[in-house]
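Peer 1: One structure follows; several queries about it will come next.
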Amino acid sequence: MMITISTLLLFGAFAFSVSGREIQLSTGPVEGKEVGDGLAFLGIPYAEPPVGALRFRPPQPKAPWTDQLSVQEYAKSCIFASSLESTDIPADQQSEDCLYLNVFTNEYCIANQQCKVLVYIHGGYHGSTYFKEDVLIENFLGEDRNVIVVTVSYRLGVLGNINLVPEGDTSAARNIALLDIIASLQWVQQQIYYFGGDPLETTVIGHDTGALNVYHLLLSPTYHNLFKQAMLMSGYDLQGEVYPDRNMRSSRAVAEAARCATSSTDYTYVEQSELVVNCLRNYTASDLVHHQLYAEKQGLYFLGNVLDMYILPSKIDDLIAKQSPTNLIVGSSGNENELDNIVNDTVAMDRLRFYCEIVAKERNYKYLTQATADCIRQYNDVHKAIGIKNDAYYFTSAWNVAKANADAGGTSRIYEFSPRKELKRESDHDDLITYLFGYEEGELDETDHSIRSALAKTLTDFINGVDTEEWPVFPSFYLIDYNEEVEISGAQEKYHTEAITFWNEFIERNGNTRIERTEEPSLKAIEDSVAFGGLLVSDRFQRQVVVAVVCVVVALAFIAFILVLVVLTHLNNRDKPESIVFSTRNSNSIRPQMA
């Protein structure tokens, strides 16, 4: 529920101290720290710790406190482990007690209490503690930009996406990760004024899985009004369908690995399902993450949000048809997920066929053979082949999201981040958050710092409502292709026209439409079903085969080595003169005995 500005004004006089480091929230006092020209408030709880009996439940409001709470260090990130993604966060810096957020502001905002607000929702394998405080302060609060930044942690994996009983009723909520994000945005609505922010001027940015989460909130009839505008960065297949039973197989596999259930457990009985949930609550978070990895070895993953009749009450296509218009930016880097192993000097046709059939099955075309053949013809080119996933899941997705919002009456903008080759660097999935938030930035040269400053200005202009003609509205797009002079091409036409025409129109000709699924497909089943006469199998299976072959070769080499030793020993013994042992059993006998 939004809190009105007039109500907040009643508390304005008590919201901050002279130094600005001490803030009186409605829940209690907090003390942050100075970082350069700004102020950082790190590790502010926005909900009760989701541990013990609160595991798998919706986030509960944080109880008020009276003593001043020191918020000068990052809290621990939400515990995470997956074979799909890696994380650089050490295990001792991860915890189930992780529902915290971080606020970056400055004295100007606190004094004026009208600054715009940016809330950042990280991807599924990052965290809210990855980012450099000084970079955030410089990029968003320096040079009179005055945009308050909030970064949020939320539950991940089995702890954030459990779904044991898709259509049943247990104490384990569905879409827990989304519920956490919603709680953090409600916290912003209620508390950001005390840091000098205007809760009605909130922009939410999501990256990777975070982009999908933000998009689902944009489509939600209940929660789309928690923010004013949004930016979706590097979101994968944003308009992909959600299912009531998504994550069910993986959730039950975790329960079986933990010996809280068996393959014969009847989840139609509420009492039995609740016994499984309570059993899982008795394990440590580390144990559950370990069991999640066990499930992933069976090809069962936690893959996002579900149809829940609450946040996402109907199919994605229906939600899109009824979406509210907004101010939206959507885009990606020029190289999100290139398949470098598909080409050498020529296209590896077996690999091309493999990837085309995988995409065709994932997208569930009515005539799979025709769709696969069309894909092979389209991408049988060394320059095109590496971009199958980019085209199908990033560029086409960004275009369709922008178009749907524009059709609903919103203002859409598309960007592509692709530094030019003379910079000796290629764009990838995380480039923008490296420049904007300081994520794993490494050593930056002078050009990098100039690019960072230019990117931050472009984004803060959008957040602050500066009308920049250089960033065109849909269907044009904004090509951010910096050179050494930090110049860009800017406004462009024909955003990946060939790819979008192919995936949106050509491949679906002659009635070859995508068939609506009623349940979540098994990615493992899709991948394992793709075979090409033994020529090619999935990359995961290839790795398993390579390991097996290496083990066999080593074993055979060891056996051969042993056999050689035995033969050499035998030959050596045969060439030796016979040794003579004299018998003492008969003193009259001098017959030699063979040793």
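The values are calculated or read from the model by the stated rules, or taken from the named source; none is laboratory data. Note that the coordinates shown come from a computational prediction; the quantities given were computed from them, not determined experimentally. Glycine gets a Cβ as well: all are built from the backbone with ideal geometry, and neighbour counts include every protein chain shown.
Peer 1: Yes or no: Asp180 among the charged types (D, E, K, R) and either under 19 Å from Gln229 (Cα atoms) or surrounded by fewer than 23 Cβ atoms within 10 Å (Cβ to Cβ) (or both)?
Peer 2: no
Peer 1: Filter the stretch 407-433 down to residues that are in a helix (DSSP H, G or I) and surrounded by fewer than 20 Cβ atoms within 10 Å (Cβ to Cβ) and give me whichever is modelled with the lowest pLDDT.
Peer 2: Among residues in the stretch 407-433 that are in a helix (DSSP H, G or I) and surrounded by fewer than 20 Cβ atoms within 10 Å (Cβ to Cβ), the one modelled with the lowest pLDDT is Leu423.
Here's the yes/no breakdown for (1) within 25 Å of the chain's Cα centre (by Cα); (2) farther than 15 Å from Gly334 by Cα; (3) of a type in the set (Phe, Trp, Tyr):
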| site | (1), (2), (3) |
| --- | --- |
| Thr458 | yes, yes, no |
| Phe462 | yes, yes, yes |
| Ser476 | no, yes, no |
| Thr497 | no, no, no |
| Ile500 | yes, no, no |
| Trp503 | yes, yes, yes |
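Peer 1: Can I ask one more? Testing Arg249 on (1) surrounded by fewer than 21 Cβ atoms within 10 Å (Cβ to Cβ); (2) among the charged types (D, E, K, R); (3) more than 21 Å from the chain's Cα centre (by Cα); (4) more than 30 Å from Ile23 (Cβ to Cβ), one condition comes back false. Which one is that?
Peer 2: Against the list (1) surrounded by fewer than 21 Cβ atoms within 10 Å (Cβ to Cβ); (2) among the charged types (D, E, K, R); (3) more than 21 Å from the chain's Cα centre (by Cα); (4) more than 30 Å from Ile23 (Cβ to Cβ), Arg249 comes up short only on (3).
Peer 1: Among the residues of the stretch 489-508, how many are surrounded by 13 or more Cβ atoms within 10 Å (Cβ to Cβ) and among the basic types (Lys, Arg)?
Peer 2: 0
Table: residues versus (1) outside any strand (DSSP E or B); (2) touching a helix residue (DSSP H, G or I) at 6+ places or on another chain (Cβ under 8 Å); (3) surrounded by fewer than 18 Cβ atoms within 10 Å (Cβ to Cβ); (4) at pLDDT 95 or above.
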residue: Ile44; (1), (2), (3), (4): no, no, no, yes
residue: Ala47; (1), (2), (3), (4): yes, yes, no, yes
residue: Ala53; (1), (2), (3), (4): yes, yes, yes, yes
residue: Phe56; (1), (2), (3), (4): yes, yes, no, yes
residue: Pro59; (1), (2), (3), (4): yes, yes, no, yes
residue: Lys62; (1), (2), (3), (4): yes, no, no, yes
residue: Thr66; (1), (2), (3), (4): yes, no, yes, yes
residue: Ala81; (1), (2), (3), (4): yes, yes, no, no
residue: Glu85; (1), (2), (3), (4): yes, no, yes, no
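Peer 1: Follow-up question, since we're still on this one. Of all residues being of a type in the set (D, E, K, R) and over 19 Å from the mean Cα position of the chain (by Cα) in the stretch 276-296, which is nearest to Gln94 (Cα to Cα)? Just the residue, please.
Peer 2: It comes out as Asp287.
Peer 1: Asn364 passes all but one of (1) at pLDDT 95 or above; (2) at positive phi; (3) not charged (D, E, K, R); which number fails?
Peer 2: (1)
Peer 1: Within the stretch 537-550, identify whether any single residue is modelled with pLDDT under 90 and surrounded by 15 or more Cβ atoms within 10 Å (Cβ to Cβ), and answer yes or no.
Peer 2: The answer is yes, given that some residue of the stretch 537-550 is modelled with pLDDT under 90 and surrounded by 15 or more Cβ atoms within 10 Å (Cβ to Cβ).
Peer 1: Does any residue of the stretch 442-452 turn out to be touching a helix residue (DSSP H, G or I) at 6+ places or on another chain (Cβ under 8 Å) and modelled with pLDDT of 85 or more?
Peer 2: There is at least one residue in the stretch 442-452 that is touching a helix residue (DSSP H, G or I) at 6+ places or on another chain (Cβ under 8 Å) and modelled with pLDDT of 85 or more.
Peer 1: Looking at (1) surrounded by fewer than 18 Cβ atoms within 10 Å (Cβ to Cβ); (2) of a type outside the set (Asp, Glu); (3) farther than 30 Å from Cys98 by Cβ; (4) in contact (Cβ under 8 Å) with a residue 40 or more places away in the chain, find the lone condition where Asn380 falls short.
Peer 2: (4)
Peer 1: Based on what the data block shows, is Gly210 under 12 Å from the mean Cα position of the chain (by Cα) and in a loop (DSSP other than H, G, I, E, B)?
Peer 2: no
Peer 1: Look through the stretch 265-284, keep the residues that are surrounded by 18 or more Cβ atoms within 10 Å (Cβ to Cβ) and out of contact with any Lys or Arg (no Cβ under 8 Å at 6 or more places or on another chain), and return whichever of them is nearest to Gly52 (Cα to Cα).
Peer 2: Selected residue: Val277.
Peer 1: Within the group Tyr120, Tyr130, Tyr154, which residue is part of a loop (DSSP other than H, G, I, E, B) and under 25 Å from His449 (Cβ atoms)?
Peer 2: Tyr130
Residue by residue, here is whether (1) touching a His at 6+ places or on another chain (Cβ under 7 Å); (2) farther than 30 Å from Gln113 by Cα; (3) buried (at least 23 other Cβ atoms within 10 Å of the Cβ) holds:
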{"position": "Trp187", "(1), (2), (3)": "no, no, yes"}
{"position": "Gln190", "(1), (2), (3)": "no, no, no"}
{"position": "Ser234", "(1), (2), (3)": "yes, yes, yes"}
{"position": "Ala257", "(1), (2), (3)": "yes, yes, no"}
{"position": "Ser263", "(1), (2), (3)": "no, yes, no"}
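Peer 1: For the subset of the stretch 192-212 comprising residues that are buried (at least 24 other Cβ atoms within 10 Å of the Cβ) and touching a helix residue (DSSP H, G or I) at 6+ places or on another chain (Cβ under 7 Å), which member is modelled with the lowest pLDDT?
Peer 2: Applying the filter and picking the extreme gives His207.
Peer 1: Another question, then. Suppose we filter Asn161, Asn139 for residues that are buried (at least 19 other Cβ atoms within 10 Å of the Cβ) and either touching a strand residue (DSSP E or B) at 6+ places or on another chain (Cβ under 6 Å) or closer than 21 Å to Leu303 by Cα (or both); which single one remains?
Peer 2: Asn161
Peer 1: Could you check the stretch 133-150 and list, in sequence order, the residues that are touching a residue at least 12 places away in the same chain (Cβ under 8 Å) and assigned to a loop (DSSP other than H, G, I, E, B)?
Peer 2: Once the filter is applied, which keeps residues that are touching a residue at least 12 places away in the same chain (Cβ under 8 Å) and assigned to a loop (DSSP other than H, G, I, E, B), the stretch 133-150 yields Gly142, Glu143, Arg145, Asn146.
Peer 1: While we're on this one: Just to be sure before I move on: is Thr170 out of contact with any Lys or Arg (no Cβ under 8 Å at 6 or more places or on another chain), assigned to a loop (DSSP other than H, G, I, E, B), closer than 30 Å to Val117 by Cα and of a type in the set (S, T, N, Q) in the structure I sent?
Peer 2: Taking the combined requirement at face value, the residue does not satisfy it.
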